[in-house]
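Worksheet: the structure to be examined is printed underneath.
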Amino acid sequence: MHALNKPSMTQAAKRAKRKLVLEITAYLSPIILIIVVFVFAPLAIILFFSFLKSGEYGQIVYSFTFENIRAVLSGGYGKVFLQSLYLALQTNVLCILFGYPIAYYITRYGGKWKTLWIFMIIVPSWSSYLIRLYALKTIIGTNGIINGLLMNLHIISEPIQILYTPFAVALGLVFAWLPFMILPIYAALEGLDRSVLEAATDLGATPVRRFFRVILPLTRGGLLSGSILVFIPTVGEWLVPHIFGGSKIMMAGSLVAQKFTAVGNIPLGSSLAIMLATTLILILYLTIKWGGREALEKAI
Amino acid sequence: MKKKKIASKVLGAMSVLTLIFLWAPVLLIIVFSFSTNKYGVAWDEFTFKWYLKLFHNDAVRDALIRSLIIAGVTVVVSTLIGTITAYGLYKLNFKGKQFLRTSILLPIVFPSIVTGSALLVFFTRFIHIPLGYPSIIIAHIVFCSPLAVFIILGRMQRFDWSWEEAAMDLGATRVRTFIRVTGPQLMPGIMASAMLIFPWSFDDFVITYFVAGVGSTTLPIYVFSQLRFGSTPVINTIGTLFVALTMTGMLLMFLLQKKTKTSG
């Protein structure tokens, strides 16, 4: 009996396996093709290029060197990278500080206006990023409405310089990325089990204690996915420092853009991009390992 | 009880201020787009003339048409790929699935500057895809289809699959079941993803700027090229149209979502 069954079993298993392979090919080959050809391959190529030299006229010289990597890790470039990481961290913290209260308010007190509130937060996150930055620039510029208002109220006698200061860059970053923090936190708060909160209150927890001991730990996933959506793109920001910092404040993204466009040192630009990508993949990996995957996919 | 009320008031005030912070700049450029102020930074008198000027601006019209074509192709292709990928990821279990899911996430969370520069080098130095429509559309599909995958996957997780089981029990093949039963039922979710991808592609600046090459000015690239002249009423009008477009898309999506809820 046993001996008789065995061959047919393996045959069935084989058939099931072949069917699975066929189905994977049918459903998943387009996305695998896209990821392999247009994400992994380009990354591999800029990794290769980052070990090459740039010639006098910006052409690529095919000789192996560690020069770019050394340049990226030391001196001025390294400093800009650290500054980018710092600015991204600062933006992330500010987004949590401003985002958590509004997400909490909408969940608890939103009532029948909940959908409208969420709509008002989703629209900026989906409308043109460039246009929103332009709008903010219009407001804080020298002829902008803030300076106009302050001058009309005789608080200041001549326009103050807001644009092209570190403050303007910090403001621009929070303005650009805040919605992406609010939404995952809101989703996490909405998913909270009411009975847990009631239990905490019944057991005598004060509202403050309940918040820090129950609500905050339970919404960790939302905070984590919001942080991925804010921190990672912010490290590589180029437009915000370009528009609000001028040439004074640079971030990692500005360096990459500069090397690929104006100056045209593709090997050095590739090294900078690879360095940026490596840092971010590492951060992403650690976050996912720490339990952010589910929350992250939910946030999207 | 009273303490609670104060807490909610404070939270409410903070929330309103945050919302004002997010919306005030956008609302102001909408207002200024109807103002006669020629720098576009203050309210003088009501006018439509900037909109008339906009529609007679050839550069803007070309850029707009180009952006619409790119976004249109991107939406169709990305939504198709997104749908079958999400279906495959939902239905099949295999080794390496988690790795695949993480890889699909990469183009979404990566800074545009890395994707843009890597694709530029790839297109110009490796496979020689002409810069312009082909390179821009490929780049857009690369960052839009992963988004479609996760939006549609999210819908599938909330979907009632008993219909599909019934169809397959009655002898329909998986492909036929998908075309005749599951697909149509998932349609609102698929449409919602298309609604979200359209602005995502239409608005993209950084990646497009890198892979566009010379002469392929999309609307965001046009706006960017005008930025160094400071604020202008014409950019205010373009901005207003952008916001109007996004809001229409979002409204349609909300309506579709409501429809799914009531019918499902």
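The values are calculated or read from the model by the stated rules, or taken from the named source; none is laboratory data. In this text, all values refer to a predicted model and were calculated from it rather than measured experimentally. Positions of Cβ are generated from backbone atoms using ideal geometry, with glycine treated the same way; all protein chains shown enter the neighbour counts.
Numbers for the structure displayed
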{"item": "Residue check, B:Phe123 over 18 Å from the mean Cα position of the chain (by Cα), buried (at least 16 other Cβ atoms within 10 Å of the Cβ), facing chain A (nearest Cβ under 9 Å) and aromatic (Phe, Trp, Tyr)", "result": "yes"}
{"item": "Filter pass, A:Ile145 being within 28 Å of A:Ala252 (Cα to Cα) and over 22 Å from the mean Cα position of the chain (by Cα)", "result": "no"}
{"item": "Hits in region A:147-200 (condition: in contact (Cβ under 8 Å) with a residue 24 or more places away in the chain, touching a Leu at 6+ places or on another chain (Cβ under 8 Å) and not in a helix (DSSP H, G or I))", "result": "A:Leu192"}
{"item": "Counted residues, region B:149-177 - those being surrounded by 13 or more Cβ atoms within 10 Å (Cβ to Cβ), closer than 30 Å to A:Val39 by Cα and at the interface with chain A (Cβ under 10 Å from one of its Cβ atoms)", "result": "5"}
{"item": "Among the residues listed as B:Val73, B:Val181, B:Val114, B:Val149, the single one being in contact with a His (Cβ under 9 Å, 6 or more places away or on another chain) and not acidic (Asp, Glu)", "result": "B:Val73"}
{"item": "Lone qualifier among A:Phe212, A:Phe244 - being crowded, with 16+ Cβ neighbours inside 10 Å and assigned to a helix (DSSP H, G or I)", "result": "A:Phe244"}
{"item": "Qualifying residue in region B:199-215 (condition: touching a His at 6+ places or on another chain (Cβ under 7 Å), more than 8 Å from chain A (Cβ to nearest Cβ) and either surrounded by fewer than 23 Cβ atoms within 10 Å (Cβ to Cβ) or of a type outside the set (A, V, I, L, M) (or both))", "result": "yes"}
{"item": "Close pairs from region B:223-235: first without any contact (Cβ under 8 Å) to a residue 24 or more places away in the chain and at the interface with chain A (Cβ under 9 Å from one of its Cβ atoms), partner assigned to a helix (DSSP H, G or I) and among the hydroxyl-bearing types (Ser, Thr, Tyr), Cβ under 8 Å, at least 6 apart", "result": "B:Val223/A:Tyr134; B:Phe224/B:Tyr209; B:Leu227/A:Tyr134"}
{"item": "Flag if B:Ile113 is in contact with a helix residue (DSSP H, G or I) (Cβ under 6 Å, 6 or more places away or on another chain), in contact (Cβ under 8 Å) with a residue 12 or more places away in the chain and not polar (S, T, N, Q)", "result": "yes"}
{"item": "Enumeration of residues in region A:111-132 that are at pLDDT 85 or above, within 29 Å of the chain's Cα centre (by Cα) and either more than 9 Å from chain B (Cβ to nearest Cβ) or not in a helix (DSSP H, G or I) (or both)", "result": "A:Trp113, A:Lys114, A:Leu116, A:Ile118"}
{"item": "Residue tally, condition within 11 Å of chain A (Cβ to nearest Cβ), assigned to a helix (DSSP H, G or I) and among the charged types (D, E, K, R), over region B:50-101", "result": "3"}
{"item": "Any hit, region B:199-212, residues being free of Cβ contacts under 8 Å to residues at least 12 places away in the same chain and either over 17 Å from the mean Cα position of the chain (by Cα) or within 20 Å of A:Arg132 (Cα to Cα) (or both)", "result": "no"}
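Yes or no, residue by residue, for (1) within 10 Å of chain B (Cβ to nearest Cβ); (2) modelled with pLDDT under 85:
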site	(1), (2)
A:Glu198	no, yes
A:Thr219	no, no
A:Leu224	no, no
A:Leu229	yes, no
A:Glu237	yes, no
A:Val240	no, no
A:Gly246	no, yes
